[in-house]
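Notes for the one structure printed next.
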Amino acid sequence: MNEFNDNSVGLVTASIKGISAKNIPSVFENIHLNAFLLPSVFTASKIAKISIVIGKSILIPRNIITQIGGFEALKLFSGRLFNGDKS
């Protein structure tokens with residue numbers, strides 16, 4: 001978390017991985033996360049030189065959120081909106 005203490009950093013993210021599956025659906029979700037999603041994120045970062053941030057694994061300082069217009073401004077980038085959910 002040292003990166004978060006640097007004032008030039010506006011967002012910190014962590015990779016996600018599936019662990020501790022307790023039933024068959026959880027096993028399949030973990031397979032998807034570990035065999036497709038995680039490698040795709042790392043590959044895009046290295047080869048295409050783009051950043052992909054998974055929303056449930058980000059940390060943004062409050063002052064940065066305020067500077068960009070609060071959480072209201074972030075809804076434009078919500079995956080729910082990309083999937084057609086306007087709520």
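Just so it is clear, none of the values below were taken in a lab; they were calculated from the coordinates. Treat the numbers as computed from the prediction; the structure is a model and nothing was measured. Neighbour counts are summed over all protein chains in view; Cβ atoms, including those assigned to glycine, are modelled from backbone coordinates with ideal geometry.
Just flag the trypsin sites (Lys or Arg not before Pro) in the range 19-52 sitting in loop per DSSP whose Cβ has no more than 13 other Cβ atoms within 10 Å. Filter output for the range 19-52: Lys22, Lys49. Inter-label distance, Ser26 to Thr43: 2.8 nm, where each label sits 7 Å from its Cα along the C-beta direction. Note on Ile54 and Glu72: their simple-model spin labels are 3.1 nm apart, each label 7 Å out from Cα toward Cβ.
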